[in-house]
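Nothing in this text is a laboratory measurement; each read-out follows from the coordinates by a stated rule. None of these values were measured; they are calculated from a predicted model. Glycine gets a Cβ as well: all are built from the backbone with ideal geometry, and neighbour counts include every protein chain shown.
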Amino acid sequence: MTTDQNLAPLRSTHSAPVVFGAGAAIGVLGGMIGLGGAEFRLPLLISLFGFAALSAVILNKAMSLVVVLAALPARLAAVSVSEVAAHWPVAVNLLAGSLAGAWAGASWAVRMRGSTLYKVLAELMVLMAVALLVTHTTALGTLTLPLWAEVPSGVVAGFGIGVVAAIMGVAGGELLIPTIVLLFGVDIKTAGSL
C-alpha cells in the first residue's frame, strides 16, 4: 500500500503560466495526432512537476477521463451516434478484454516498487513511441480474420491494451484506434470515436 508521502509531488508546485503552458503544449500535440495527450502528460508530471511514478499515473488517469469526457461531444459531432452504435460488437469485444486488463494492470502498478514502476513506464513510453511512429508512417492493411478468430483476438488485444493503459494512466486510444482499424477494419474516424 502507498503512503501519503508517495502521493505528494517531490518538488514545489510551479506557477500557473508554466502549468497552463505545459497543458496547452500537450493539448496541441495530442490534438495533432488525434489522442488525448496522456502519453505526453505522464513524463511531464514526473520530470517537470516532480510527482512520484504512482502519483503521476493516478493523476494522469484522472485527467485522461476528463479529456475523454470533454472530447466526446466533438467526436459525436464528427461521427454520428448511429455510426458508432453500428459497431457496438467491436466495442464490447475490446471492452471484455480491456476491463480485465485494466484491473490487472492497476493491481500490478500499485504493488510495484517505485524504482520498478519508473523502469516499466520508461519501457512502455519507448514502445508507445514506436507504435505511434509505425502507425502514422506506414500503410498497414487490415487483417481479414474469420469471426471466430476476431472475437478471441479482440479480447486478447483488449487485455493487453487495458494493462498498458492502467499502468501508464492513459485512456488507451493510442493502442485502441490502430487495433480497431487493423483487426476489425473500421475506418479511422469511427475508430477514434469508438
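Take the Cα atoms of the stretch 103-162, build their convex hull, and give its volume per residue in Å³. Before the final figure, lay out each step's value.
Details: hull volume 4.7 nm³, N = 60.
So the per-residue hull volume is 78 Å³.
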Integer Hz, Karplus 6.51/-1.76/1.60 couplings in order for the stretch 179-194, x for Gly and Pro: 5, 4, 5, 6, 7, 10, x, 7, 5, 5, 5, 5, 4, x, 7, 5
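Hey, got a sec? Which trypsin sites (Lys or Arg not before Pro) in the stretch 83-188 land in a DSSP loop and have at most 16 other Cβ atoms within 10 Å?
Details: sites: R111, R113, K119; in loops: R113.
Listed in order of number, the matching sites are R113.
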Sparse-neighbourhood loop sites, GluC sites (Glu not before Pro) in the stretch 62-162 - DSSP loop, at most 16 other Cβ within 10 angstrom: none
Computed helical MRE - 222 nm, the chain, DSSP H runs ≥ 4 contributing -39500 (n - 2.57), nearest 500: -25500 deg cm²/dmol
Relative contact order, percent, the chain [alpha-carbon distance under 8 Å, six or more residues apart]: 30
Under 5 Å, built H, 5+ apart or other chain: amide partners of V79: none
